[in-house]
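Data block below; observations after.
The values are calculated or read from the model by the stated rules, or taken from the named source; none is laboratory data. On a predicted model such as this, the values are computed, not experimentally measured, just so you know. Because the Cβ atoms are built from the backbone with ideal geometry, glycine has one as well, and the counts that use them run over all protein chains shown.
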Amino acid sequence: MEKKNIIISIGRQFGAGGRRIGKALAENLHFDYYDNELITTTAKENGLDPEFFKKADEKSEKNYFLQQIEEYISGGFFTNSLLSNDQLFKLQSDTIRKLAEEKPCVIVGRCSDYVLRDNPYCISIFLHSSDEDRIERIKQRMKEESDEKIKEMMTLADKRRAHYYNFYSNKSWGMSSTYTLSVDVSALGEPATIEFLLGFIRKKAEQLGVEL
């Protein structure tokens, strides 16, 4: 019998609250939750050092190669000497598919919506927010950083995520038509957005014939 595990895949702008919202959804739905944990899971399953995946975290092959060259020039070494970033992406994708088969879960980032594109029970959500709200949210973690510095971080992080996603999926990161649902967290605020998403997920699961 086909397993009907609802999988919530979350794409997000840097500072849009994707991790906190993802964890809240998982807690309310009693789902497993994966973001950085997915890196550790993949590494353990393949007998690899998690540092391999952390170095390649949401970076495309091209960007990762340039980073490795820079590290080499500055006295570092090639951490991808055993596995290319594309191979790491494949291992991580295999883990995502395996987790989706085992039980319902929330997965943040990692191109999980694309990896599970043939899974009818995958609900993909993209979270974005106003620059002002993103800056305030990031300041909660980085109180010492200026607004200008945070804006630079936001721009760089979003470019990296977009490049990674577009490189591996041949789709457009952040474009509403790419996802089941695209939500502006600033429109309702974080708590109300979580409630809205829970209602949407439950309604969608009902349409799919899955009881949550």
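Residue 104 is checked against (1) in contact with a strand residue (DSSP E or B) (Cβ under 9 Å, 6 or more places away or on another chain); (2) more than 30 Å from residue 3 (Cβ to Cβ) and fails just one. What number does that condition carry? Every listed condition holds for residue 104 apart from (2). Selection within the stretch 1-21: residues that are within 14 Å of the chain's Cα centre (by Cα) and more than 18 Å from residue 178 (Cβ to Cβ). The member of this set that is surrounded by the fewest Cβ atoms within 10 Å (Cβ to Cβ) is 20. Would the stretch 153-164 turn up any residue that is under 24 Å from residue 85 (Cβ atoms), among the basic types (Lys, Arg), touching a residue at least 12 places away in the same chain (Cβ under 8 Å) and not in a loop (DSSP other than H, G, I, E, B)? Taking every residue of the stretch 153-164 in turn, at least one turns out to be under 24 Å from residue 85 (Cβ atoms), among the basic types (Lys, Arg), touching a residue at least 12 places away in the same chain (Cβ under 8 Å) and not in a loop (DSSP other than H, G, I, E, B).
A single member of 19, 97, 12 is modelled with pLDDT of 80 or more, closer than 22 Å to residue 212 by Cβ and in contact with a strand residue (DSSP E or B) (Cβ under 9 Å, 6 or more places away or on another chain), and it is 19.
Tell me whether the stretch 120-133 contains one or more residues that are farther than 28 Å from residue 187 by Cα and at pLDDT 80 or above. There is at least one residue in the stretch 120-133 that is farther than 28 Å from residue 187 by Cα and at pLDDT 80 or above. Checking every residue in the stretch 123-144 against the condition of being part of a strand (DSSP E or B), within 20 Å of residue 177 (Cα to Cα), in contact with a Leu (Cβ under 7 Å, 6 or more places away or on another chain) and not acidic (Asp, Glu) gives at least one match. Being of a type in the set (Gly, Ala, Ser) and at pLDDT below 95 holds for only one residue in 186, 169, 182, and it is 169. Among the residues making up the stretch 163-198, none is among the hydrophobic types (A, V, I, L, M, F, W, C), out of contact with any helix residue (DSSP H, G or I) (no Cβ under 8 Å at 6 or more places or on another chain) and either buried (at least 18 other Cβ atoms within 10 Å of the Cβ) or on the phi > 0 side of the Ramachandran plot (or both).
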